[in-house]
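A.B. asks: A single structure is presented below for examination.
The values are calculated or read from the model by the stated rules, or taken from the named source; none is laboratory data. Please read these numbers as outputs of a predicted model, since none were measured by experiment. Here the Cβ positions follow ideal geometry from the backbone for every residue, glycine too, while neighbour counts run over all protein chains shown. Note: areas computed on protein heavy atoms with side chains; ligands, DNA, RNA excluded. Shrake-Rupley method; radii C 1.70, N 1.55, O 1.52, S 1.80 Å.
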Amino acid sequence: MLPFRRLPARAGCILLAILAASAGAGAQPPLRVTLPTVTVTAQKEPEDPQNLPVSVTAVTLETLAGADVRSVSDAAVLAPNTFFNEFTARKLSNARFRGVGASPANPGVTTYIDGVPQLNANSSSIELLGVDQIEFVRGPQSALFGRNVLGGVINIASARPSLTAWTGSIVAPVGNFNTGDLRATASGPVITDKLAAGIGVGFSRRDGFTTNDVTGHDLDSRSAVFAKGQLLWRPDARWEARAMFTAERARDGDYALNDLASLRARPFHASRNVEGFTHRDIVAPTVQVTRSGTRVDFSAVTGFLKWKTEDLTDLDYTALPLATRNNAEEDFQFTEEVRFASAKAAPITLSEHVTMKWQAGVVLFTQNYTQDAVNNYSPFVLSQFLAFPVSQHSPESALDDRGAGIYGQATWTFSRSLGVIVGARGDREHKKADLRTFYSPVIAPPTGVNAERSFGDVSPQFALAYRVAPAATAYASASRGFRAGGFNSASPLGAEAFGEEHNWNYEGGVKTSFRDRLSLTAAAFRIDWRDLQVNVPNPLVPAQFFIANAAGATSQGTA
């Protein structure tokens, strides 16, 4: 990847500003170029990112369109210290911020789509359709967002339907590898300026990049159809309700994995006697309700999410008929968040030089996850005495999770220059696991675990922001994040459960803006971990990993 692709989204504006300054010496009047106005919800309420004591990169609608960004993972190249680890199929697309990552079932960076957390990373990297902005918020955000955001948060916001006029767009790029893409959106008023509707449909496909030398076919192709519908109701100036429905049907090829030495000798080549697939279906209805009051604002987000995946892969990664793996996963989650905050335009006046704003909320969630992964072995693979095929269910599992969180945050502003932020969140959740491993036909006794555990945590945040000049802010923060403990759906006997992971993040930075033409942000951080969760290979099952707790670790750098 070329270094210039890691520049912030505003890099284009910086270059235009330089060109405009040079052109001022000519006879023509100088071209006036200003940075676009950007608002983020990195702290759950709209705010200028220049005023926030966090590292956040906002990728706006204009940048998404100009860079031809089609998926969440594509947008990551526009934000520093972000990376997506993808296994060719979009199902396995795991975000890493500042080196913090995790398994799909227990992510370290959580994606929020229209306020709904994706509790499993398998549903996080979706095709983009009618998206207004993507925010990459780096560093622990557990004081507001709770579990599994000790690396950061990805906020995805859908574009609002227009209440004034019908608008629409159609984009249909084509490219090599038989790449074809079609995305169409339209929105407008239905009943005067009270009710608006929006709809979007899309199709995307491409051939794979890796050739199967056994058949000459490509392995890692991609294909998907997706759609989004919206209704926006605004009965008066204070109340607003949005209903959104998102669906995606992805049909991807097999994972293009191979022996590392072979890939180095012949890149983009593999040998498989079985050409597998990776399928994913997502359905996600969401309802948002907001009220702007004279003293108190109110918002609520209700989210339902159902996804299922099915994949078949050649488990031995060779041309020999040794082993295959069929894996079926299904997940249903429900989330509800109710939030109250001081009115945006009416902070509480404590004295002539001190004002305060606040927010508080309650979050509830449930998640039901099932998996049936079957490893199919040919005769004599497991043993020279087994002259018949054997299927190993590892695992057949059901994981149930329910939890609640309560949070609060207050910001005091002194003399319009110094901001002091203190916040904390408490979380409690209960997990149940029913795990079974067995063979068909029976060649060994089955094993099973039926267990449950509760977890709880309190995550504080402290931050200072000082406006050293009208367009320059220096900040420092200390925040604690945690990743939930739980159960592995598959692991060696005795390693089914794992504990919570915690970290403290210390950060300092400066944010500046020069005449609305140039914006510069610099930050330095240090992360101290305890009970680090790591992915460990299962010695009994090929290509299978489980989570275990390790000791501590430290990381530091700039972002």
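A.B. asks: Sketch the reach of a paramagnetic label on Val171 as a point 7 Å from Cα along Cα-to-Cβ, and name the residues of the range 47-87 whose backbone nitrogen lies under 19 Å away.
C.D. replies: Answer for the range 47-87: 58-79.
A.B. asks: Can you tell me the Rg and the Dmax, both Å, for the Cα atoms in the range 439-516?
C.D. replies: Gyration radius and largest Cα-Cα distance of the range 439-516: 23.7, 74 Å.
A.B. asks: For the chain, which whole-number percentage of the solvent-accessible area (1.4 Å probe, protein heavy atoms only) is attributable to carbon and sulfur atoms?
C.D. replies: 62 percent
A.B. asks: Points 7 angstrom from Cα along the Cβ direction at Ala328 and Asp281: gap in nanometres?
C.D. replies: Between Ala328 and Asp281, the label points sit 1.2 nm apart.
A.B. asks: Additional query: How much accessible area per residue does the range 220-303 have, in Å², with a 1.4 Å probe?
C.D. replies: Ligands and nucleic acids excluded, the result is 49 Å² per residue.
A.B. asks: Thr366 to Val214: FRET efficiency via 1/(1 + (r/R0)^6), r the Cβ-Cβ distance, R0 35 Å, to the nearest 0.05?
C.D. replies: 0.20
A.B. asks: Hey, another quick one. How big, on average over all directions, is the shadow cast by the Cα convex hull of the chain, in nm²? Walk me through the numbers before you get to the answer.
C.D. replies: Values: hull surface 116.3 nm².
Averaged projected hull area, Cα only: 29.1 nm².
A.B. asks: At 1.4 Å probe size, with every protein chain present, just tell me what the per residue accessible area of the range 105-168 comes to in Å².
C.D. replies: 21 Å²
A.B. asks: Zone of Ser417 (label point 7 Å along Cα→Cβ, backbone N under 14 Å): which residues in the range 459-484?
C.D. replies: 465-474
A.B. asks: Quick one: accessible area per residue over the range 398-552, 1.4 Å probe, rounded to a whole number of Å²?
C.D. replies: I get 48 Å² per residue for the range 398-552.
A.B. asks: Another question, then. Would you tell me the accessible area of Leu144, worked out with a 1.4 angstrom probe on the heavy atoms of the protein chains, in Å² to the nearest 10?
C.D. replies: 0 Å²
A.B. asks: Quick check: residue separation of Arg249 and Leu231 times 0.36 nm, minus the Cα distance between them. What number comes out in nm?
C.D. replies: 4.3 nm
A.B. asks: Shifting gears a bit: Taking a point 7 angstrom from the Cα of Asn85 along the C-beta vector, which residues in the range 522-559 have backbone N less than 13 Å away?
C.D. replies: 533-537, 545-548
A.B. asks: Quick one: net charge around Gly303, please, counting Lys, Arg +1 and Asp, Glu -1 for every other residue with C-beta under 9 Å from its C-beta.
C.D. replies: Values: positive: none; negative: Asp114, Glu336, Glu337.
Net charge around Gly303: -3.
A.B. asks: Test of understanding: given the chain, find the longest segment containing no trypsin sites (Lys or Arg not before Pro) that are in a DSSP loop and have at most 11 other Cβ atoms within 10 Å. Present the calculation step by step, with values, prior to reporting the outcome.
C.D. replies: Working: sites that count: Arg32, Arg295, Arg416, Arg515.
Here the longest run is 33-294.
A.B. asks: Of Glu352, Glu45, Glu396, which has the most accessible area and how do the rest follow, probe 1.4 Å?
C.D. replies: The residues order as Glu352, Glu396, Glu45, largest area first.
A.B. asks: Any idea of Glu329's accessible area? Nearest 10 Å², probe 1.4 Å.
C.D. replies: 20 Å²
A.B. asks: For the cross-link pairs Lys228/Lys432; Lys91/Lys194; Lys357/Lys511; Lys308/Lys431, which exceed 27 Å when the distance is taken from alpha carbon to alpha carbon?
C.D. replies: Listed pairs above 27 Å: Lys228/Lys432; Lys91/Lys194.
A.B. asks: I've got another one for you. In nm, give the distance between the simple-model label positions of Ala478 and Asp193, each being 7 Å from the Cα along the Cα-to-Cβ direction.
C.D. replies: Placing both labels 7 Å beyond Cα along the Cβ direction yields 5.0 nm.
A.B. asks: Here is a further query. Using a basic spin-label model with each label point 7 Å from the Cα along Cα→Cβ, how many nm lie between Phe298 and Ser391?
C.D. replies: 5.3 nm
A.B. asks: By DSSP, what percent of the beta bridges with both residues in the chain are antiparallel, rounded to the nearest 5? Show your work: numbers first, answer last.
C.D. replies: On the way: 244 of 251 bridges.
Within the chain, antiparallel bridges account for around 95 percent of the total.
A.B. asks: At 1.4 Å probe size, what's the solvent-accessible area of His430? Round to the nearest 10 Å².
C.D. replies: For His430, the solvent-accessible surface is approximately 40 Å².
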